[in-house]
1. Students often get this wrong, so try it: which of (i) 195; (ii) 150; (iii) 165 is volume of the Cα convex hull per residue in Å³ as calculated from the structure shown?
2. How do Tyr57, Tyr233 rank by accessible surface area computed with a 1.4 Å probe, from largest to smallest?
3. Quick one: which residues, 5+ away or cross-chain, put their amide H under 5 Å from the amide H of Met15? H built at 1.01 Å from N.
4. Calculate one ³J(HN,Hα) per residue across the stretch 135-147 by plugging θ = phi - 60° into the Karplus curve 6.51 cos²θ - 1.76 cosθ + 1.60, and present them in order as whole Hz with x for glycine and proline.
5. Quick check: net charge around Ala134, other residues with Cβ under 11 Å of its Cβ, Lys/Arg +1 and Asp/Glu -1?
6. Modelled label-to-label distance, Thr49 and Thr167, 7 Å Cα→beta-carbon offset: nm?
7. Using only the Cα atoms of the stretch 40-132, build the gyration tensor, take square roots of its eigenvalues as a ≥ b ≥ c, and label the shape rounded, prolate or oblate: rounded if a/c is under 1.5, else prolate if a/b is larger than b/c, else oblate.
8. How would Met151, Met174, Met118 line up by accessible area, probe 1.4 Å, largest first?
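The values are calculated or read from the model by the stated rules, or taken from the named source; none is laboratory data. Everything numeric in this text was worked out from a predicted model, so none of it was measured. Neighbour counts are summed over all protein chains in view; Cβ atoms, including those assigned to glycine, are modelled from backbone coordinates with ideal geometry. Just the protein is used for accessible areas: all its heavy atoms, side chains included, with ligands, DNA and RNA removed. Shrake-Rupley method; radii C 1.70, N 1.55, O 1.52, S 1.80 Å.
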Amino acid sequence: MIAQGKTNVAARYGMSIDVDRCNGCGACMVACAAENNVPPAANGATERTGLTWIRVYRVDNGGEGNERRSAFVPMLCQHCGKDAPCVAVCPQQAVDVDPATGIVGQMPERCLGCRYCMAACPYHARSFNWSDPAWPAGMEKTLNPDVAPRMRGVVEKCNLCQGRLHTAKAKAAMAGRVEIDPADYVPACVEACPTRAIHFGNLNDAASEVAQESHRKGSFRMLEALHTDPKIYYQSKKDWVRETASAPRPGKENARG
């Protein structure tokens with residue numbers, strides 16, 4: 001029997017992304033695709049038909065000339081709380097919020113491709129597989145054996161590198177431990193970031209870096225007025241950057257136009 005106490009406390013995995021440190025290099029996007037077997041874009045793929053689990057957007061303050069300022073914002077599934085919009089609309093129960101980790105999972109085996117979840121996601125963080133996954137000759141030898149490619153006709157998204165989570169759990173079990181070592185579970189985008197703009201950890205662990213950063217001044221979440229309770233936190237000292245994450249309250253006119 002597992003001892004009562006800390007081992008029974010559910011984790012709540014999330015991220016803290018420092019927008020002021022992100023330089024828009026795209027290393028997180030490349031690492032994510034390689035880790036999770038996201039195939040190269042098919043010929044003729046567009047912004048609508050391409051596949052990506054994380055995308056770095058460039059935003060600006062709307063200024064002119066010397067007053068113009070830009071920033072880069074990595075956007076991935078925000079891993080909403082128990083009332084995640086995508087979970088509520090899925091007719092196949094192909095989407096769920098794992099109570100043990102807080103991760104919003106996507107099960108391609110159940111997905112029928114209706115794309116209701118894509119319509120419901122306010123963060124546009126999901127992609128639809130319009131084509132069979134394919135790689136240039138020889139590249140299939142580089143695929144990650146711990147992650148199954150998804151088939152045509154299903155939706156996919158960031159799952160916080162669950163293949164790495166499973167590996168960390170197996171390592172802990174082999175060592176006779178219940179809890180995983182945080183150093184053994186680090187998503188690919190976090191590991192690849194050259195400026196260390198992305199931090200990852202258990203938000204329920206008050207001692208973790210990501211938990212502390214989520215409460216610091218300048219921390220914000222995307223579209224907080226929608227009350228989706230995202231587990232992805234952003235950091236910026238710039239007022240205009242934080243304002244880009246705002247959304248009008250239901251029934252209220254957007255003050256920014």
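1. Answer label, from the structure shown: (iii).
2. Reading off the accessible areas and sorting them downward yields Tyr57, Tyr233.
3. Answer set, sorted by chain and number: Ile232, Tyr233.
4. Each residue's phi maps through the Karplus curve to give 10, x, 3, x, 6, 4, 6, 9, 5, 6, x, 8, 10 Hz.
5. That works out to -1.
6. Taking the two extended label points, one gets 3.4 nm.
7. Judged from the Cα gyration tensor, the stretch 40-132 comes out oblate (a/c at least 1.5, b/c at or above a/b).
8. Of Met151, Met174, Met118, the descending order of accessible area is Met174, Met151, Met118.
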